[in-house]
1. Can you tell me how many residues in the stretch 30-72 are out of contact with any strand residue (DSSP E or B) (no Cβ under 9 Å at 6 or more places or on another chain) and among the hydrophobic types (A, V, I, L, M, F, W, C)?
2. Whether any residue in the stretch 171-185 is surrounded by 19 or more Cβ atoms within 10 Å (Cβ to Cβ), more than 22 Å from Ala143 (Cα to Cα) and modelled with pLDDT of 95 or more is what I want to check.
3. Take the residues in the stretch 194-219 that are of a type outside the set (Val, Ile, Thr) and more than 18 Å from Asp256 (Cα to Cα); name whichever of them is surrounded by the fewest Cβ atoms within 10 Å (Cβ to Cβ).
4. Does any residue in the stretch 178-190 that is free of Cβ contacts under 8 Å to residues at least 40 places away in the same chain and among the small types (Gly, Ala, Ser) come within less than 9 Å, Cβ to Cβ, of a residue that is surrounded by fewer than 18 Cβ atoms within 10 Å (Cβ to Cβ) and outside any loop (DSSP other than H, G, I, E, B) six or more places away or on a different chain, and which pairs are these?
5. State which residue pairs qualify: first residue farther than 12 Å from Thr203 by Cβ and free of Cβ contacts under 8 Å to residues at least 12 places away in the same chain and inside the stretch 60-86, second residue of a type in the set (Lys, Arg) and surrounded by 16 or more Cβ atoms within 10 Å (Cβ to Cβ) in any location, beta carbons under 6 Å apart, and separation of 6 or more residues or different chains.
6. Would you pick out the residues in the stretch 140-180 that are among the small types (Gly, Ala, Ser) and under 16 Å from Ala192 (Cβ atoms)?
7. Output yes when any residue across the stretch 46-58 is over 17 Å from the mean Cα position of the chain (by Cα), among the hydroxyl-bearing types (Ser, Thr, Tyr) and farther than 23 Å from His147 by Cβ, and no when none is.
8. Those residues that are over 22 Å from Gly121 (Cα atoms) and part of a helix (DSSP H, G or I), I need them from the stretch 237-271; list them, please.
Amino acid sequence: MKPIYFKLSLVVAFFAFFTACGVLNEKNKGKGFNLFTIQQDKALGAQVAHEIDSNSREYPLLDSVQYKQVYAYIYKVRDNILNSGKVDLKNDFQWRLRIIHDDSTLNAFCTPGGYIYVYTGILKFLDSEDQLAGVLGHEIGHADMRHSTRQMTTMFGVQILQDVILGNRDAIKQVTAALVGLKFSRNHETEADERSVMYLCPTEYNAAGGAGFFEKIQALGGARQPEFLSTHPDPGNRIEHFKNSKTTLGCTGSKDFKTEYKAMIALLPKN
């Protein structure tokens, strides 16, 4: 085989491989290079979710039957986001919700594959439904952009993540702990903020609802600022970016549903 044909065959093989793996397919446009397929994201997320759900000491989940009304409320907010028509992987991922009973933690996260976890601490910290929608939109944005597998591939390498998919217990524990406290890059945080506004834009919500969380953090003057924000863009800059994105997209929704939100919060455990 002549060298030119050999080189051409390598190029064809490269693109065929990564197209088959989902790296260069249509749903990955604009989402950066990712060695994992969407199916692998789902398998990885399912293993991590099982580890979290099985570890009630570290992750005490609110019972979905006992707190049926709370779960129904948050699922309604989730559905408003998913039905906006803007979530690329709406029909690919689970988008299952669980609430972690921990009032001291101002956090929410979403695993690869769309398993969403929200702490009671952040639920009680927020003031309105549009703020919750903004936070959920941000976390859904991380999963929809597949930030976790992109970042964790860099942190751990492909082999450990594949070990998780195959059920290696030590690898599952290691990756789960890392994912819960994962510090995304500044670019990924900005992308997730923009996604939050984009998802909320077609809805009744104030599309910049996510800014409300950072306005409250800013008002505290750092007194209760979550540690994970230490490497993120400045809250003031993020507030401005949420609002500028809303203006740029021409979003007209303005509802905050504060009354309904407070009624839901009253149903949560008191401590």
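The values are calculated or read from the model by the stated rules, or taken from the named source; none is laboratory data. Remember, predicted model here, so these are calculated numbers, not experimental data. Glycine also receives a Cβ, built like all others from the backbone with ideal geometry; neighbour counts cover every protein chain displayed.
1. Total meeting the criteria: 8.
2. No.
3. Looking only at the stretch 194-219, we keep the residues that are of a type outside the set (Val, Ile, Thr), and these are 194-196, 198-202, 204-216, 218-219.
Among the residues that remain, those that are also more than 18 Å from Asp256 (Cα to Cα) are: 194-195, 218-219.
Numbers: Glu194: 19, Arg195: 25, Gln218: 16, Ala219: 9.
Step by step, filter the stretch 194-219, then rank; the result is Ala219.
4. Ala178/Met155; Ala178/Phe156; Ser185/Thr231
5. As it stands, the answer is none, since no pair meets every condition given.
6. Applying the first criterion (among the small types (Gly, Ala, Ser)) to the stretch 140-180 yields 141, 143, 148, 157, 167, 171, 177-178.
Gly141, Ala143, Ser148, listed by residue number.
7. Taking the stretch 46-58 as the starting set, the residues that turn out to be over 17 Å from the mean Cα position of the chain (by Cα) are 50-51, 53-58.
Of the ones still in play, those that are also among the hydroxyl-bearing types (Ser, Thr, Tyr) are 54, 56.
Then keep just the ones that are farther than 23 Å from His147 by Cβ; that gives 54, 56.
Checking the stretch 46-58: at least one residue is over 17 Å from the mean Cα position of the chain (by Cα), among the hydroxyl-bearing types (Ser, Thr, Tyr) and farther than 23 Å from His147 by Cβ.
8. Kept after step one, since they are over 22 Å from Gly121 (Cα atoms), are these residues of the stretch 237-271: 237, 240-255.
Selection gives Asn237, Glu240, His241, Phe242, Lys243, Asn244, Ser245, Lys246, Thr247, Thr248, Leu249.
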